[in-house]
């Protein structure tokens with residue numbers, strides 16, 4: 001008989017914290033590390049919550065999914081966007097495949113999960129749900145059960161605030177509540193596959209990283225929030241321990257994250273840089289902090305514009321493709337080469353060399369569909385986030401443009417596999433890819449892996 | 001190789017008898033000649049709707065999600 005699998009998803013959990021810095025403080029995760037196998041997991045392009053979790057769940061790259069972030073540009077527009085949602089995912093997820101093989105599943109908070117799709121079991125949507133007043137469960141009646149248990153379900157917290165104490169309370173309330181729900185589902189629902197993603201881990205990093213990371217440029221020694229991240233991980237570890245008590249010996253446990261985290265060095269104002277380098281033209285100088293949509297842009301004289309985020313998305317204003325396109329299609333490639341070389345030589349505020357990565361869609365999305373950008377850019381290997389807003393004195397902001405945020409994303413997430421029946425000796429194996437997750441889960445449960453999955457079965461776990 | 005059932009053009013699904021009777025009542029005087037053809041029609045409609053719907057958010061819901069994403073820093 002195949003095993004059952006419990007998947008603990010910790011959004012944004014970096015290997016440096018889980019495997020090294022915090023490991024001795026987290027007895028339940030430590031037990032999994034010591035007796036299981038573990039590795040770093042290469043994230044998706046871009047290494048962002050959406051698409052990363054779905055790359056993991058489907059074993060298809062973001063291009064194949066046609067999902068490149070939370071938002072996407074509507075083709076042929078400058079500022080209109082559509083939002084990723086559960087319907088954007090057309091490829092089968094690991095739980096879809098398990099359901100087809102009559103395996104029962106419980107899936108909680110794996111984004112994008114709104115609106116909740118039918119599964120062979122139970123599903124709760126994610127933080128992309130418009131509000132707790134909406135139907136966020138499958139089946140619909142599960143929402144009533146959840147509300148009887150805990151009242152209003154907490155979908156997310158808003159972390160970009162200076163009211164840190166209040167934020168911390170909300171974070172604890174949310175995470176404890178989520179685990180109450182998870183324990184309830186683990187006990188009351190039949191399942192072969194149980195997966196959840198706790199978004200609080202990502203939020204605590206973004207909100208408190210500078211208080212803990214001595215290398216952060218805004219770190220202050222002996223500050224009152226120094227141990228907030230560690231204490232939050234302790235909470236998560238305790239809750240994981242309680243959840244593990246509800247599982248039997250036949251349940252393998254996989255702990256994963258979608259990407260890592262590291263210190264944010266600052267924000268780079270991409271549109272301002274484009275403007276000063278002649279790629280983007282304003283009709284009127286925009287006031288400080290304007291978004292691109294608010295700025296008065298002379299599109300007929302603009303070749304390139306960009307979007308902010310942990311990475312930058314760059315769009316070209318191409319004749320015949322954009323409403324006021326200026327780049328001749330036959331010049332597209334040579335123009336692109338020029339922009340790439342200009343972006344790659346951007347230096348830091350003190351003329352320090354940056355390791356900026358610039359990707360064309362062909363490089364990272366060879367079979368890409370849908371609305372991908374013309375270029376995907378990681379400023380200084382993601383150490384600098386991209387700010388889309390405009391009107392500052394400098395391209396370089398030491399803090400984020402849209403409220404406090406101290407962390408950026410890194411390319412490596414975590415993978416830990418723990419089988420309570422088998423001591424695997426805590427072997428650290430070579431780096432894996434998010435794509436390897438789904439085929440491995442299917443193998444452990446005993447369901448054939450579809451041939452079109454891009455990842456491999458991790459042989460050390462099976 | 002498709003399974004034997006998939007080769008056939010039609011297959012059987014079960015629905016509760018009272019529901020069957022209700023559908024029978026409903027299609028009286030319509031162009032539907034059988035409960036099966038009506039049920040197939042309804043299912044196709046639902047599936048097509050799901051597949052075509054690019055963004056299942058209402059305008060108001062979309063603004064709520066965008067507002068949250070803005071606060072999270074994913075939208076400028």
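The values are calculated or read from the model by the stated rules, or taken from the named source; none is laboratory data. All of these numbers come straight from a predicted model, not from anything done at the bench. No Cβ is skipped: glycine too gets one built from the backbone with ideal geometry, and neighbour counts run over all protein chains shown.
Structure data summary
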| quantity | calculated |
| --- | --- |
| Every residue from region A:381-390 that is surrounded by 20 or more Cβ atoms within 10 Å (Cβ to Cβ) and more than 12 Å from chain B (Cβ to nearest Cβ) | A:382, A:384 |
| Residue list for region A:267-279, restricted to those being touching a strand residue (DSSP E or B) at 6+ places or on another chain (Cβ under 6 Å) and away from every other protein chain (no Cβ under 14 Å) | A:279 |
| Residue that is surrounded by the fewest Cβ atoms within 10 Å (Cβ to Cβ) [pool: residues in region A:72-86 that are within 11 Å of chain B (Cβ to nearest Cβ) and touching a helix residue (DSSP H, G or I) at 6+ places or on another chain (Cβ under 9 Å)] | A:82 |
| Any hit, region A:293-311, residues being surrounded by fewer than 21 Cβ atoms within 10 Å (Cβ to Cβ), within 30 Å of residue A:199 (Cα to Cα) and in contact (Cβ under 8 Å) with a residue 12 or more places away in the chain | yes |
| Which listed residue is touching a strand residue (DSSP E or B) at 6+ places or on another chain (Cβ under 6 Å) and in a loop (DSSP other than H, G, I, E, B), from A:404, A:373 | A:373 |
| Which listed residue is under 15 Å from residue A:386 (Cα atoms) and modelled with pLDDT under 95, from A:306, A:289, A:320 | A:289 |
| Evaluation of residue A:266 against (1) within 24 Å of the chain's Cα centre (by Cα); (2) farther than 21 Å from residue A:349 by Cα (one fails), failing number | (2) |
| Only one of A:52, A:39 that is in a helix (DSSP H, G or I) and in contact (Cβ under 8 Å) with a residue 60 or more places away in the chain | A:52 |
| Filtered residues of region A:220-252 (kept if in contact (Cβ under 8 Å) with a residue 60 or more places away in the chain and not in a helix (DSSP H, G or I)) | A:225, A:246, A:247, A:248, A:249, A:250, A:251, A:252 |
| Close pairs (9 angstrom Cβ cut-off, 6 or more residues apart or separate chains): within 8 Å of chain A (Cβ to nearest Cβ) in region B:56-69, surrounded by fewer than 19 Cβ atoms within 10 Å (Cβ to Cβ) and assigned to a helix (DSSP H, G or I) anywhere | B:56/A:87; B:56/B:50; B:57/B:63; B:57/B:64 |
| Residues satisfying the stated conditions in region A:187-212, i.e. free of Cβ contacts under 8 Å to residues at least 60 places away in the same chain and out of contact with any helix residue (DSSP H, G or I) (no Cβ under 7 Å at 6 or more places or on another chain) | A:187, A:188 |
| Some residue of region A:15-32 being surrounded by 24 or more Cβ atoms within 10 Å (Cβ to Cβ) and part of a loop (DSSP other than H, G, I, E, B) | no |
| Test set (1) more than 30 Å from residue A:217 (Cα to Cα); (2) not in a helix (DSSP H, G or I) - residue A:332 fails condition number | (2) |
| Matching residues in region A:445-461 - criterion: being assigned to a helix (DSSP H, G or I), buried (at least 21 other Cβ atoms within 10 Å of the Cβ) and modelled with pLDDT of 95 or more | none |
| Residue within region A:355-366 that is surrounded by 20 or more Cβ atoms within 10 Å (Cβ to Cβ) and either over 30 Å from residue B:72 (Cβ atoms) or within 14 Å of chain B (Cβ to nearest Cβ) (or both) present | no |
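The rows are residues; the columns are (1) modelled with pLDDT of 95 or more; (2) touching a strand residue (DSSP E or B) at 6+ places or on another chain (Cβ under 7 Å).
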position	(1), (2)
A:206	no, yes
A:210	no, no
A:219	no, no
A:229	yes, no
A:232	yes, no
A:237	yes, no
A:243	yes, no
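To keep it simple, each residue is scored yes or no on (1) under 23 Å from residue A:17 (Cβ atoms); (2) buried (at least 23 other Cβ atoms within 10 Å of the Cβ); (3) touching a helix residue (DSSP H, G or I) at 6+ places or on another chain (Cβ under 7 Å); (4) at pLDDT below 95.
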residue: A:392; (1), (2), (3), (4): no, no, yes, yes
residue: A:412; (1), (2), (3), (4): yes, no, yes, no
residue: A:415; (1), (2), (3), (4): yes, yes, no, no
residue: A:419; (1), (2), (3), (4): no, no, no, no
residue: A:423; (1), (2), (3), (4): no, no, yes, yes
